Amino acid sequence: MTFKGVEDFDDLDTESIYWVAVSGVPERFVNEAKRIDGAEYSGGCFGMCIQHNLETGEFSVVEGSPGHGLYYVDNLGYKHWFGYRMPEQELEKIVRKIQVIIGEECREKQQVCPEMDRER
């Protein structure tokens, strides 16, 4: 799977949640999304939710239910979660890209981002 970008984020007191768009989704999920949306299917509507714990600096995948870490947003705007656990190596790639985005935002705002100085 490939990171396409951060679509939205929630900045909370102890964590930040990043809603990220992904591509290169396994064919079984593409087929399921096509079944859900039929002619309205869009390959650009897959995503994952990544949590950043601001106290520990750790990142993890948020699951819609246990073992369901990938979602498809249908043509009505509803999320359908699929049974997928992201391998650690894929998570690390996405986290590095999120960290670049966080760093760029901090530089633009001329702020210090101490959570970026912590080890994962």
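The values are calculated or read from the model by the stated rules, or taken from the named source; none is laboratory data. Just so it is clear, the structure is predicted and the values come from calculations on it, not from any experiment. All Cβ positions, even for glycine, are placed from backbone atoms using ideal geometry, and neighbour counts span all protein chains on display. To get the accessible areas, we keep the full protein, side chains included, count just its heavy atoms, and leave off ligands, DNA and RNA. Shrake-Rupley method; radii C 1.70, N 1.55, O 1.52, S 1.80 Å.
Average 1/r across all pairs of distinct alpha carbons in the chain, invert it, and you get the Kirkwood radius: 15.1 Å. Along the stretch 71-82 the Karplus relation, 6.51 cos²θ - 1.76 cosθ + 1.60 evaluated at θ = phi - 60°, assigns HN-Hα couplings of 10, 10, 9, 6, 5, 9, x, 8, 8, 10, 8, 10 Hz to successive residues, with x for each Gly and Pro. Rolling a 1.4 Å probe over the protein heavy atoms leaves M86 with an accessible area of roughly 30 Å².
Of the GluC sites (Glu not before Pro) found in the stretch 1-71, those that fall in a DSSP loop while having at most 10 other beta-carbon atoms within 10 Å are E55.
Report summary: the helix-based calculation at 222 nm, which adds -39500 (n - 2.57) for every DSSP H run with n ≥ 4 and divides by the residues of the chain, gives -9000 deg cm²/dmol.
Its relative contact order, with pairs defined as Cα atoms under 8 Å and 6+ residues apart, puts the chain at 20 percent.
The solvent-accessible area of S42, taken with every protein chain present and a 1.4 Å probe, is close to 50 Å². Sparse packing (at most 14 other Cβ atoms within 10 Å of the Cβ) combined with a DSSP loop state is found for the following chymotrypsin sites (Phe, Trp or Tyr not before Pro) in the stretch 1-108: Y78. Out of every Cα-Cα pair that the stretch 7-66 contains, those further apart than 19 angstrom amount to 43 percent.
Calculate the dipole size of the chain relative to its Cα centre from +1 charges on Lys and Arg beta carbons and -1 charges on Asp and Glu beta carbons; express the result in debye to the nearest 20. Value, rounded to 20: 500 debye. Shown here for the stretch 70-108: GluC sites (Glu not before Pro) in loop regions (DSSP other than H, G, I, E, B) with at most 15 other Cβ atoms within 10 Å, of which there are none.
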